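Written below as structure tokens is the structure these notes are about.
The values are calculated or read from the model by the stated rules, or taken from the named source; none is laboratory data. Not measured: the values here are computed from a predicted model. Cβ sites come from the backbone with ideal geometry, for glycine too, and all protein chains shown count toward neighbours. The area values use the complete protein model at the heavy-atom level, side chains included, leaving out ligands, DNA and RNA. Shrake-Rupley method; radii C 1.70, N 1.55, O 1.52, S 1.80 Å.
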Amino acid sequence: MAGYRDTLNLPRTDFPMKADLPGREPERLRWWAERGEYQRLREQKRGRPLLILHDGPPYSNAHIHMGTASNKVWKDAVVRSSSLLGFDSPYVPGWDNHGMPIEIQVTKEFREKKLQPDRIELRRRCREYAAEWVAVQRAEFERLGIWGEWSKPYLTMEHAFEAEIVRTFAGLAEAGFVQRGMRSIHWCPTDRTALAEAEIEYQDIPSPSIHVAFPLREDAQGVFAGLSPAVEAVAWTTTPWTLPANLGLMVDPEAPYVVVRHGDRHLLIAAPRLEAVEKVLGSALPEVRRVAGRELLGVLFEAPWGNASRVVDGTPFVSMQDGTGLVHTAPGHGKEDFAVGLREGLGVVNPVDDAGRFELGAEPFVGRSVLDVDADVITWLGERGRLLASGTLTHSYPHCWRCRRPVIFRATRQWFMMIDHHDHRERAMTEVERVKWEPEGARNRIRDAVRLRPDWCLSRQRSWGVGIPALYCESCNAALLEPRVMKRAAELTREHGSDAWFEQPVEAFLPSGFRCPQCEAAGPFRKETDILDVWFDSGSTHRAIQVTHPEFGEAWQRAVREAGRIVYFEGPDQHRGWFNSSLMVGVGLTGHAPYTDVLTHGWVLDRDGRAMHKSLGNVIAPDSIIVRYGADIVRWWALATDWRNDVRVGDEILQRVADAYRKVRNTFRFLLGNLDDFRPEHAVPFARLTPVDRAFASHLAARLERMREDYRNFLFHRVTDALLDVCTVDLSAVFLDVAKNRLYTLAADDPARRSAQTVLWRALHDLAVAASPILVFTAEEVWQSHPGLVATCESVHLSEWPEHTREAVHEGPAGDDWAFLLEIRGIVNAAIEPLRAAKTLATTQEAEVTLTAAPPTIARLAQLGGELLGFLLVARAELIEDLDATDVRVEVQKTSLPRCERCWTHRPDVDDTPGQAALCSRCNRVLAARS
């Protein structure tokens, strides 16, 4: 063939084998931007059925990591594939701007400069800091090929957005959901603020495990009459620092309790816990008296700090699986303790300040941090004869999600959203069942999160956030949520931003002639200084974005009216976070969840399945991958994984991704090279394709239809698997191999060559379209490399899923002819291989085969005619019917036919006359036509 090279149709294309993605991708970004491609896509899809993905806002305070990168890539694939399938799928990216991490960093900046900013100065710098990081992250997300409204994202610190947050709060307040009260809540002593459940992470840490004696103080009912020495109740705790706040001992009224002898002491414990307590104390505890738990109610014991500790009904919080059956109760330092204390009238003692330090009432530890004092408290108890046993227990303990430090329970007055107001919890649970959750197991997570969640603590004792538009009457100290004040706060916030609440005097918010509704005083009034929980910001985004982005708001409302899909797509922590807060706000104000579909992806881990932390040295920055491989490799990595599970990333994994990418790229290059002289008008109708081409076209169409369905279900990993398989197996390993001779050696316009090119054209077009949500840069590079593709649509990202894939499936022959042909080819190759291994044959082209099979099989093969040789890549094939055959038998021998020097096939029509060119008649005709 080498001597006739200039007479062959060899592949020609400017599409390079070497991708150089790090160099070419930025050029493509500029090309898209200059042409306004995303805006053109939006115009093109206007009025189509809607699928809206609402962006869960990342926090604007650092470079993106692999978790945020993969999250954005998955979302981008949802939006792009939905547009591809004919939906109007607008995407407005957003950022969460308020909150403690930014405030802490900015405070650190001021401290390093030895400056003490006032609240307004601090807030202004926080706003600047957030804006700086929005710009950084925006560029990083765009570099990944993410399309969206980058010129006008939503920002929770934007004035109009903040105003809608205020209006949302006002709507819930006016509906009776918001109340101020004292609760024992999670408190971060490091950051000095209240925390919501969504801001808590749990870590296993060692804690003290102590058994403490509470001597009998008053036994009005004579439950322990006649016992000497006096009885001491035994309580177990893992938080010795809470003992100064003890006000009671919880018991189970239905459980039996026993007085036992321990040396010269009488101890009271629950009967079911006797054996366990004996092991802790290291001795047998003979029973002296048995009493019912109900008889103990009202008995007073003496707490370690000398106050009375009353026995109360602890239902349902008293366990017989651990402890002693008597539960140390400090309403100021525990959620269940507070609930029982409120029910039983115990009151609240909380001798701990906002920095977690003891105050008066906790002598001799005043001024000490409660997180550092346990060992000294234990020693102090021992010196006073109150310590019965001491050990260590490793258990799960709450930590602040921001500073990663332990938190405490602390009773304070806060603003709460009442979750059970107006049957809100039940209505939210109903909505959970209406929404589609993927994976389905996520439904159980959100069920538990809603069923078990406490009232939502909305207030934070910080500076950088949206102020709570509440007033206090200085005359009676009443906390007021006045609708007119909240409305005015929203108006001023829209005009000046949330700084207005802190900058302007209270009179700016008061209606004319306003008086306190509690005491009728005309003033003075003071403004609330707390800010809203940032989870309230994010929980309000579905409302605020519809106001700040009117066109997006119209699309959202049309989706609601026309049963469109509204999708949320975030990680598993958002069942307690954004999914939950959005549900609470949505159901509270409209009665409905703000979403129809919730997709929950897994965590991004290192190659060994560990979380990534700087301390472990296993953090991989997306930028480092992009610089080395390109953004399309990051995208392929993310989309080749099943997002429903945890995903891993590491050098070896990325190298495998790069190898897979190269195979796909090379296939596209081969397709482009063999279609250099092909234009869509050259395409052969499906019915006139050769039998092999028609079988492969139907097979390809079927695979594309499965990809379409996988895109519809957001199963991107299946699409990437199929794309790689089609390129490396269906095309490179088989069809391109068997079509190569026709493509290279026939006349350019030969019907058999055009038939093969038609199939390749469909493959090029359809696979570029299918790859476009995944390999956004490469798919566009492929598209722009063939004028025929550009003629159909100027950008691959403005195209839609090809409908001819369905037509080919419907027009194709019954059954899977391609699978049948592959099976026959495999049987023939298996028969040839021993001869190749023995070097009897150099290639399959030297083989003559005889196939013996049942008549139906022979009939199907006979339909291929002369194309059978080209498909099997053999010199001659004889078909023999055998009525009794149950399988296909193959006999192989080396051909004696001469080989054509141009097409390298062994044919009976090769001119083997000495001194003449050894060419087959087909090649002679082609050469004659060229001369």
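Tabulated data
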{"quantity": "Whole-percent pair-distance distribution, where bins are 5 Å wide, for the alpha carbons of segment 824-930", "calculated": "2, 12, 20, 20, 16, 13, 8, 5, 2, 1, 0"}
{"quantity": "Packing rank of 623-633, 752-762, where each peptide gets the mean count of other beta carbons within 10 Å, highest leading", "calculated": "752-762, 623-633"}
{"quantity": "Whether segment 310-420 is rounded, prolate or oblate, judged on the alpha carbon gyration tensor where a/c under 1.5 counts as rounded", "calculated": "rounded"}
{"quantity": "Simple spin-label estimate for residue 477 and residue 862 in nanometres, 7 Å along Cα-Cβ", "calculated": "10.4 nm"}
{"quantity": "Alpha-carbon Rg/Rh ratio, for segment 100-145, with Rh computed the Kirkwood way", "calculated": "1.13"}
{"quantity": "For segment 643-799, convex hull volume per residue from C-alpha positions, Å³", "calculated": "111 Å³"}
{"quantity": "Within the chain, percent of DSSP bridges classed antiparallel, to nearest 5", "calculated": "70 percent"}
{"quantity": "Accessible surface of the chain [probe 1.4 Å, protein heavy atoms]: carbon and sulfur percent", "calculated": "50 percent"}
{"quantity": "Relative contact order %, segment 193-410, counting alpha carbon pairs below 8 Å whose residues are six or more apart", "calculated": "30 percent"}
{"quantity": "Inter-site label distance for residue 515 and residue 884 at 7 Å from Cα along Cβ, in nm", "calculated": "11.4 nm"}
{"quantity": "Shape parameters for segment 659-746, alpha-carbon atoms, Rg then Dmax in Å", "calculated": "14.2, 44"}
{"quantity": "Extension reserve of the residue 917-residue 829 stretch, reckoned as 0.36 nm per residue once the Cα distance is removed", "calculated": "28.6 nm"}
{"quantity": "Spin-label model distance (nm) - residue 666 vs residue 264, 7 Å beyond Cα toward Cβ", "calculated": "9.0 nm"}
{"quantity": "Cα-derived Rg to Rh of segment 193-410, Kirkwood definition", "calculated": "0.96"}
{"quantity": "Cα-based shape type of the chain, given that a ≥ b ≥ c are square roots of the gyration tensor eigenvalues and the cut on a/c is 1.5", "calculated": "prolate"}
{"quantity": "Length released on extending from residue 5 to residue 320, taking residue separation times 0.36 nm less the Cα-Cα span", "calculated": "104.6 nm"}
{"quantity": "Listed residue (147, 225, 189) projecting farthest to the positive dipole end of segment 147-266, Cβ model", "calculated": "225"}
{"quantity": "Helix runs (DSSP H) in the chain reaching 27 Å along axis by Cα, Kyte-Doolittle at least 0.5", "calculated": "817-837"}
{"quantity": "Cα-based reach from residue 279 at 14 Å (exclusive), listing aspartates and glutamates while leaving out same-chain residues under 8 positions away", "calculated": "322"}
{"quantity": "Global size of segment 44-203 as Cα Rg and Dmax, reported in angstrom", "calculated": "19.1, 58"}
{"quantity": "Convex hull volume per residue in cubic angstrom - Cα atoms of segment 381-496", "calculated": "287 Å³"}
{"quantity": "Too-long pairs where the Cα-Cα distance tops 28 Å, listed order kept, from 75/663; 113/152; 72/436; 740/839", "calculated": "113/152"}
{"quantity": "Selection from 56, 666, 15 lying farthest towards where the dipole of the chain points positive, charges on Cβ", "calculated": "15"}
{"quantity": "Potential extension, residue 63-residue 360 segment - 0.36 nm per residue separation minus Cα distance", "calculated": "102.4 nm"}
{"quantity": "Only Lys, Arg (+1) and Asp, Glu (-1) charged, at Cβ; the chain dipole about Cα centre in debye", "calculated": "1020 debye"}
{"quantity": "Accessible surface, the chain, averaged per residue in Å² (probe 1.4 Å)", "calculated": "41 Å²"}
{"quantity": "Solvent-accessible surface (1.4 angstrom probe) belonging to residue 100, in square angstrom, nearest 10", "calculated": "10 Å²"}
{"quantity": "Over segment 483-638: Kirkwood hydrodynamic radius from C-alpha pairwise inverse distances, Å", "calculated": "20.2 Å"}
{"quantity": "The chain - mean residue ellipticity at 222 nm from DSSP helices (-39,500 (n - 2.57) per run, n ≥ 4, rounded to 500)", "calculated": "-12500 deg cm²/dmol"}
{"quantity": "Loop-located trypsin sites (Lys or Arg not before Pro) in segment 557-627, at most 16 other Cβ atoms within 10 Å (DSSP)", "calculated": "607, 610"}
{"quantity": "Base-10 log of normalised Debye intensity for segment 442-494 (one unit scatterer per alpha-carbon) at q = 0.29, 0.30, 0.31 Å⁻¹", "calculated": "-1.13, -1.16, -1.17"}
{"quantity": "Förster radius 56 Å - calculated FRET efficiency between residue 448 and residue 893 (Cβ-Cβ, nearest 0.05)", "calculated": "0.20"}
{"quantity": "Anchor residue 487: lysines whose Cα lies under 18 Å away (excluding residues fewer than 8 positions away in-chain)", "calculated": "527"}
{"quantity": "582, 390, 896, reordered so the largest accessible area comes first (probe 1.4 Å)", "calculated": "896, 390, 582"}
